[in-house]
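Undergrad: This is the structure I have questions about; it appears just below.
The values are calculated or read from the model by the stated rules, or taken from the named source; none is laboratory data. Worth saying up front: this structure is predicted, and the values here are computed from it rather than measured. Here Cβ is always computed from backbone atoms with ideal geometry, including for glycine, and neighbour counts include all displayed protein chains. What goes into the accessible areas is simple: the full protein's heavy atoms, side chains included, and nothing from ligands, DNA or RNA. Shrake-Rupley method; radii C 1.70, N 1.55, O 1.52, S 1.80 Å.
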Amino acid sequence: MSTWKKLTSKQLFLPIFCMILVMAVNVVYDVANGNFAFSFFSISVKNGVLFGRLIDVLNRGSEIAILAIGMTLVVSASAGTDISVGSVMALAASFCCMILAGFGVSSANELAAPLIVGVLAGILLGCLCGAFNGFLVSYLNVQPMVATLILYSAARAIGLLLCNNLIVYIRDDSYKFFGGYLGFIPTPIVIAAICIAIMSILLKKTALGLYIQSVGINKKASRIAGLNSERIIFVCYIVCGLCAGIAGIVNSSRIYSADSNNIGLSYELDAILSVALGGNSLGGGKFSLAGSIIGAYTIQAITTTLYAVGVSSDQAPVFKAIIVIIIVAIQAPPVKAYWKKRNAQKALAKGGIA
């Protein structure tokens, strides 16, 4: 096997290649506009905090990276996607802000409850939403997209009911910490790093990763082998809800308010695209958490690049959808079978000539 074939066969080839491609586009764009070629990578300290486009990508892409953790496990175990994560983000943020501000209050300068109580309540609600989705998928055998469509439609409405159809503002500085800065580093980057580290250690130091892949490849065979397939899928959806809850708190803290209509809007598309871009099959089975994380930050880099070249926020999802279609088509079994057959024919032809 040639070096190129060995390289392209690696699971991380696709996400790394896409990341390099996006960076190259930024370099070309900067050169075309008469700017420093590598200004995209420039990092400086302004007003005591890190500043730069790369820092902005890492900062703004933190919520997507957190969601990608849970989405990776869900896709691998159940061969389906959780399309409710964006709405669950909004619901968790609304519940948190409602507790911190006090029920019926639209703006609070002082917290009505301890910060830790509101934050944990929002995250716990995210876990409950994940448990609801997991119960439908694992124990009732409802198709993942159909099961998660319930909260996709209802979670934002529930969030609005909790906040009395108002945008609840939390003006206490302590709540702004999760979307602000820890020293000179953006706090969302630190939170995302902690979540990634914990999940990576958990998957490497325990058999959970192997169990998830086994169930995703063949649920019935895993059950015969002694694995509780339903429980494993159920746990994956709880983790996905947990990640959505954390991402919702971070996103809410950025704007120090609960806007149920806009928090997490279209984030489910970004999370799914991160998993696909990470070289993971949407049909379940073997997965790469590192690939999904790279994919998540690549998505944010694509978004930042689209805005830089003049694409509006309304048009950006169209380009992302096109990318999803291309990636899914590349990973489709018939396409893979075609290229495998073609490579085999070429190898056979070379052998015949020799």
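Undergrad: Confirm whether residue 252 is open to solvent by less than 30 Å² (accessible area, probe 1.4 Å), in a helix (DSSP H, G or I) and touching a strand residue (DSSP E or B) at 6+ places or on another chain (Cβ under 9 Å).
TA: Considered against the rule, which asks whether it is open to solvent by less than 30 Å² (accessible area, probe 1.4 Å), in a helix (DSSP H, G or I) and touching a strand residue (DSSP E or B) at 6+ places or on another chain (Cβ under 9 Å), residue 252 comes out as yes.
Undergrad: Oh, and also: Restricting to the stretch 2-28, and then to whatever is in contact (Cβ under 8 Å) with a residue 60 or more places away in the chain and within 30 Å of residue 182 (Cβ to Cβ), can you tell me which residue is farthest from the chain's Cα centre (by Cα)?
TA: Per the criteria, the residue is 26.
Undergrad: Restricting attention to the stretch 29-75, which residues are within 29 Å of residue 279 (Cβ to Cβ), in contact (Cβ under 8 Å) with a residue 40 or more places away in the chain and of a type in the set (Val, Ile, Thr)?
TA: 55, 57, 64, 66, 69, 72, 74, 75
Okay, residues lined up against (1) open to solvent by 20 Å² or more (accessible area, probe 1.4 Å); (2) over 23 Å from the mean Cα position of the chain (by Cα):
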| site | (1), (2) |
| --- | --- |
| 186 | no, no |
| 193 | yes, no |
| 201 | yes, no |
| 217 | yes, no |
| 222 | no, yes |
| 235 | yes, no |
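Undergrad: Restricting the first residue to the stretch 99-118 and requiring it to be touching a residue at least 40 places away in the same chain (Cβ under 8 Å) and at negative phi, which pairs with a second residue that is open to solvent by less than 50 Å² (accessible area, probe 1.4 Å) and among the charged types (D, E, K, R) meet a Cβ separation below 9 Å and a spacing of at least six or different chains?
TA: So the pair list comes out as 100/172; 108/172; 109/172; 110/172; 111/172; 115/172.
Undergrad: Could you give every pair whose Cβ atoms fall below 8 Å, whose first residue belongs to the stretch 221-238 and is at positive phi and of a type in the set (Ser, Thr, Tyr), and whose second residue is open to solvent by less than 70 Å² (accessible area, probe 1.4 Å) and outside any helix (DSSP H, G or I), counting only separations of at least 6 or pairs across chains?
TA: Correct list of pairs: empty, since none qualify.
Undergrad: Next question. Please verify whether the stretch 87-98 includes one or more residues that are touching a strand residue (DSSP E or B) at 6+ places or on another chain (Cβ under 8 Å) and free of Cβ contacts under 8 Å to residues at least 12 places away in the same chain.
TA: no
Undergrad: Are any residues in the stretch 81-100 more than 13 Å from residue 129 (Cα to Cα) and open to solvent by 10 Å² or more (accessible area, probe 1.4 Å), and if so, which ones?
TA: 81, 98, 99
Undergrad: Inspect the stretch 21-38 for any residue being of a type outside the set (Asp, Glu), farther than 25 Å from residue 310 by Cβ and surrounded by 10 or more Cβ atoms within 10 Å (Cβ to Cβ) and give the result as yes or no.
TA: Checking the stretch 21-38: not a single residue is of a type outside the set (Asp, Glu), farther than 25 Å from residue 310 by Cβ and surrounded by 10 or more Cβ atoms within 10 Å (Cβ to Cβ).
Undergrad: Is at least one residue of the stretch 152-160 modelled with pLDDT of 95 or more, closer than 22 Å to residue 284 by Cα and assigned to a helix (DSSP H, G or I)?
TA: Checked the stretch 152-160: at least one residue is modelled with pLDDT of 95 or more, closer than 22 Å to residue 284 by Cα and assigned to a helix (DSSP H, G or I).
Undergrad: Picking from 17, 40, which residue would you name as being assigned to a helix (DSSP H, G or I), farther than 19 Å from residue 193 by Cα and either among the aliphatic types (A, V, I, L, M) or touching a Lys or Arg at 6+ places or on another chain (Cβ under 9 Å) (or both)?
TA: Just one listed residue meets the conditions, 40.
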